[in-house]
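Q: The structure that follows is given in the form of structure tokens.
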Amino acid sequence: MAMQEHRYDFRPVTGDDLPLIASWLREPHLAQWWSDPEREIAEIREHIESVSVEPLVVELDGRPIAYLQSYDPHLEHDHPYSDQPFGTLGIDLSIGPPELVGIGHGSAILRQFVEELFEEGAPRVVVDPHPDNTRAIRAYEKAGFRPVGRRQSEYGDVVLMAVDAAEAFIEEGD
């Protein structure tokens with residue numbers, strides 16, 4: 001199914017968003033990749049005031065549809081991705097409503113958000129899906145990410161994927 005081009009809004013998570021995000025994390029398509037929703041919500045609550053992590057709600061036409069966070073691995077002590085170039089940002093995306101999964105929103109959200117990060121000066125953006133999360137890996141690839149290695153860390157077994165600003169702008173110019 002071809003999806004029309006959408007424009008997404010990104011706004012900071014507030015305490016009022018936490019029950020909705022918790023309900024999303026209980027959905028089967030997300031529960032298999034996230035740990036206990038209550039623990040995850042406690043972390044997201046902490047991120048609301050964090051300097052190193054920016055928790056966001058993605059909205060489409062005013063409707064919250066996804067949780068997105070960006071983080072700076074260089075602002076966290078011993079972060080497993082602090083070996084990435086200075087200025088690199090990491091992101092995680094989870095589409096909440098199951099009926100919106102698998103129809104192109106993931107890659108479209110990622111493209112728009114990554115473009116905004118590049119405009120703000122980020123040289124590279126990384127993501128770290130589990131190797132078995134083929135749906136997420138496909139969405140990241142459609143958004144321009146490429147595998148740069150496999151990692152074992154506190155986050156488990158992951159495929160580290162990256163997209164670089166220089167490459168993104170070259171592709172746009174072709």
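Q: Suppose only helical runs count, i.e. DSSP H with n ≥ 4. What mean residue ellipticity at 222 nm does that imply for the chain under -39500 (n - 2.57) per run, divided by all residues and rounded to the nearest 500 deg cm²/dmol?
A: Details: 6 runs with 56 residues, N = 174.
Value at 222 nm, helices only, nearest 500: -9000 deg cm²/dmol.
Q: Stretched out fully, how many nm does the piece from ARG26 to ARG7 gain, at 0.36 nm a residue minus the Cα gap? Let's see the in-between values first.
A: Values: separation 19, 0.36 × 19 = 6.84 nm, distance 2.66 nm.
Contour length minus Cα-Cα distance gives 4.2 nm.
Q: Continuing with this model, one more query. Amide H to amide H, which residues 5 or more places from VAL13 or on other chains are under 5 Å from it, using H placed in the peptide plane?
A: So VAL13 has HN proximity to LEU56, VAL57.
Q: Here's another thing I want to ask about it. Enter the per residue convex hull volume of the stretch 1-48, computed from alpha-carbon coordinates, in Å³ rounded to the nearest integer.
A: Details: hull volume 5.2 nm³, N = 48.
Cα convex hull per residue, to the nearest whole number: 108 Å³.
Every read-out reported here was derived from the displayed coordinates using simple, explicitly stated rules and does not represent laboratory data. Only a predicted model underlies this, so the values are computations on that prediction, with no experimental measurement involved.
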